[in-house]
1. With charges set only on the Cβ (+1 for Lys and Arg, -1 for Asp and Glu), what does the dipole of region 1-52 come to about its Cα centre, in debye to the nearest 20?
2. Go ahead and run the numbers for FRET between residue 232 and residue 203, Cβ-Cβ distance against an R0 of 25 Å, rounding to 0.05.
3. Of 6/42; 125/276; 34/80; 42/80; 5/34, which ones are farther than 20 Å apart at the Cα?
4. Setting aside same-chain residues fewer than 8 positions from residue 35, which aspartates and glutamates have a Cα under 17 Å from its Cα?
5. Provide the per-residue ³J(HN,Hα) series for region 186-191, in order, calculated from phi with Karplus coefficients 6.51, -1.76, 1.60 and θ = phi - 60°, each as a whole number of Hz, with x at glycine and proline positions.
6. Name the residue farthest towards the positive end of the dipole of the chain from the options 230, 155, 18, assuming +1 on Cβ of Lys and Arg, -1 on Cβ of Asp and Glu, about the Cα centre.
7. For Rg and Dmax of the Cα atoms in Å, the listed values are (1) 19.7, 64; (2) 17.5, 49; (3) 22.0, 71; which was obtained by calculation from the structure presented?
8. Could you work out how far apart the two model spin labels at residue 36 and residue 150 are, taking each label as a point 7 Å from the Cα in the direction of the beta carbon, and quote it in nm?
Amino acid sequence: MLRIKKIFNNNVVLVIDSKGLERILIGRGVAFGKKIGDIVQKDKIEKIFVVDSPNIADRFVQLIEEVPINRLEMVTLIVKNAEIELSKNFDENTYIGLADHINYAVNRFRNGETISNALLLEIKKFYPKEYAAGLHALETISYYEGIDLNEDEAGFIAFHFINGSLGNDTTQTLLTAEMLQKVVLIVEDCLGIEMDEESLNYLRFITHLKFFIQRVIINEPRKEAVPEMFEQVVQFYPKATECVSVIINYLQDKLHCQIYPEEEMYLILHIQRLIK
């Protein structure tokens, strides 16, 4: 039983369940004709979010004020479709982040502004399922908004699905942060440099490394043939290759995993960008 505690508008309400937990409900007309204390009809509910921190309700209020309700409904559909496609359940943080991003992306497009996704190739290569879900999201946006966003936006949307799939595991987050810090120290020591944390190449390297670590932690299987370019990359970039070998030894020991040549090649290329 879900009893209304606060009505944001006809389509979004804050309720209390039978256990006393607060939840945000989204659904067309879910609060139409209702008042505080009334019971919500379950057939009107499209999405439910648990309010597990004090600022979640406030963030929804801000979202409702900034994003048109028809766009929120579109994002609800996008999230529901992605959950089915990826066999995942996304929390309120993913929904809020995605709604905010899509609203911004649509407005940017209509203002003639575009942003390139520097990590698009990595996303397409290492997260094909999330990228495909991003492309399907673009189809939904095209249908409801009458605009055709480019594949860079599919990559940005895929980011939200990737992060949402990883959840908010504190242990995982701390382990990832520890390893990222160690790898940065290894690179700076091997190359005798201090990394520019504001540079695009640094961002690419850290993001690629972060995704790789998280893939291993969630036990995503990866085993691919040696790429044709691998030997050439090793030959052309000996300094970067030497640095990566130290990184690989550390990661394999820390994560008890095997890093395959394709992943090693990408790490070498990222390190080479840092050298340049």
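The values are calculated or read from the model by the stated rules, or taken from the named source; none is laboratory data. In this text, all values refer to a predicted model and were calculated from it rather than measured experimentally. For neighbour counting, all protein chains shown are included, and Cβ atoms are generated from backbone atoms with ideal geometry for every residue, glycine included. Note: accessible area is taken over every heavy atom of the protein model, side chains too, but ligands, DNA and RNA are not part of it. Shrake-Rupley method; radii C 1.70, N 1.55, O 1.52, S 1.80 Å.
1. Roughly 120 debye for region 1-52.
2. 0.45
3. Flagged as over cut-off: 125/276; 34/80.
4. Of all the aspartates and glutamates, those that pass the test against residue 35 - Cα under 17 Å, at least 8 places apart if same chain - are 17, 22.
5. Going residue by residue, I get 4, 4, 5, 6, 5, 9 Hz, with x marking Gly and Pro.
6. 18
7. The listed entry that was calculated here is (3).
8. 5.0
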